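Notes to accompany the following structure.
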Amino acid sequence: MIPQYNEMYNEVLQVLNKHHQLRVRDMVDEVSDVLHLTEDERNQKMENSHKTVIYHRLGWTKTYLTKAGLIRSVERGVYQITPQGENILSSHIHVDDDYLMQYEEVRQFVNRHNEQPENQTKPKESTPLENIDQSIKMISSRVSDELLDMIISKDPAFFEKLVLDLLDKMGYAYDKESIISTDYSGDEGIDGIINEDQFGFNSIYIQAKKWNRSSVGRPEIQKFLGAVAGQGGIKGLFITTSTFTREAIDYAKKTITS
């Protein structure tokens with residue numbers, strides 16, 4: 001029988017500990033070997049999908065282990081165990097859902113789609129339609145997280161181009177020639193300029209900050225606003241792969257209203 005996704009945490013850690021890093025398909029094969037799955041079980045397909053059941057379930061296994069920081073993505077579709085994951089294995093800890101809930105990022109991921117109050121101990125009985133809706137939300141969130149991981153694994157120039165292309169598709173630029181990438185020294189922290197009109201009277205100054213863990217604080221926003229003012233601009237857009245601190249948000253709001 002093919003285990004559920006939350007019954008394979010230790011097996012994934014074991015195979016990643018054995019190898020320096022593994023592609024997802026190789027991980028599926030290795031875990032299938034550890035679990036002694038039959039050929040029929042390995043080839044069992046999802047309904048209305050070309051993906052196998054074991055591939056699909058392991059996808060969720062690695063999602064939760066990644067959230068807990070026990071494994072990490074080193075490039076698209078390639079994973080390795082982290083030092084924290086190695087410590088879990090050496091301590092012979094059985095990893096299950098209850099254990100993973102001690103990690104803040106796992107709790108945030110679960111609670112993001114759980115409408116049940118935290119102090120409500122009895123599970124809420126949901127209708128089939130509500131269950132489908134919650135599943136869609138979790139899948140969308142997982143895809144978003146995987147896209148973010150892929151973006152973070154790229155160099156800063158990739159993210160800067162991605163941001164400018166996105167703003168172009170959103171209709172901010174007058175035309176293709178109105179998008180200027182400031183890929184040169186002396187740009188004072190401005191990564192791009194988008195002209196909203198033919199003559200460049202209305203320009204948006206862009207900063208694309210590819211950060212992983214730490215949040216963007218007030219000093220970064222102050223420097224960006226100074227750079228925009230130094231260019232004679234009045235419009236600025238700061239986009240990051242991370243988050244903004246409360247101080248940064250409050251400062252930006254005060255600056256806008258002043």
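Six or more apart or on different chains, Cβ under 8 Å: which pairs go from a residue in segment 233-251 that's assigned by TED's automatic domain parsing to the domain that holds Tyr205 to one that's part of a loop (DSSP other than H, G, I, E, B) and of a type in the set (D, E, K, R)? Could you list them? Every condition considered, the pairs that remain are Thr240/Lys210; Thr241/Lys210; Ser242/Arg213.
Looking only at segment 26-38, decide whether some residue is surrounded by fewer than 19 Cβ atoms within 10 Å (Cβ to Cβ) and of a type in the set (Gly, Ala, Ser). Scanning segment 26-38, I find no residue that is surrounded by fewer than 19 Cβ atoms within 10 Å (Cβ to Cβ) and of a type in the set (Gly, Ala, Ser), so the answer is no.
Condition (residue is in contact with a Ser or Thr (Cβ under 8 Å, 6 or more places away or on another chain), modelled with pLDDT under 90 and surrounded by 16 or more Cβ atoms within 10 Å (Cβ to Cβ)) applied to segment 197-206: is it met by at least one residue? No, every residue in segment 197-206 fails to be in contact with a Ser or Thr (Cβ under 8 Å, 6 or more places away or on another chain), modelled with pLDDT under 90 and surrounded by 16 or more Cβ atoms within 10 Å (Cβ to Cβ). Residues that are part of a helix (DSSP H, G or I), in the same structural domain as Tyr99 (by TED's automatic domain parsing) and closer than 23 Å to Asp98 by Cα do occur in segment 22-32. Of all the criteria given as (1) in contact with a Ser or Thr (Cβ under 8 Å, 6 or more places away or on another chain); (2) within 30 Å of Val74 (Cβ to Cβ); (3) crowded, with 18+ Cβ neighbours inside 10 Å, the one not satisfied by Ser242 is (3).
Here the condition is being touching a strand residue (DSSP E or B) at 6+ places or on another chain (Cβ under 9 Å), at pLDDT below 90 and β-branched (Val, Ile, Thr); of Thr240, Thr182, Thr245, Thr255, it holds for Thr182 alone. For the condition in contact with a Gly (Cβ under 7 Å, 6 or more places away or on another chain), part of a helix (DSSP H, G or I) and of a type outside the set (Ser, Thr, Tyr), Leu58 does not qualify.
The values are calculated or read from the model by the stated rules, or taken from the named source; none is laboratory data. The structure presented is a predicted model; accordingly, all values stated were derived computationally and were not measured. As a convention, Cβ positions derive from the backbone with ideal geometry for all residues, glycine included, and neighbour counts pool all protein chains shown.
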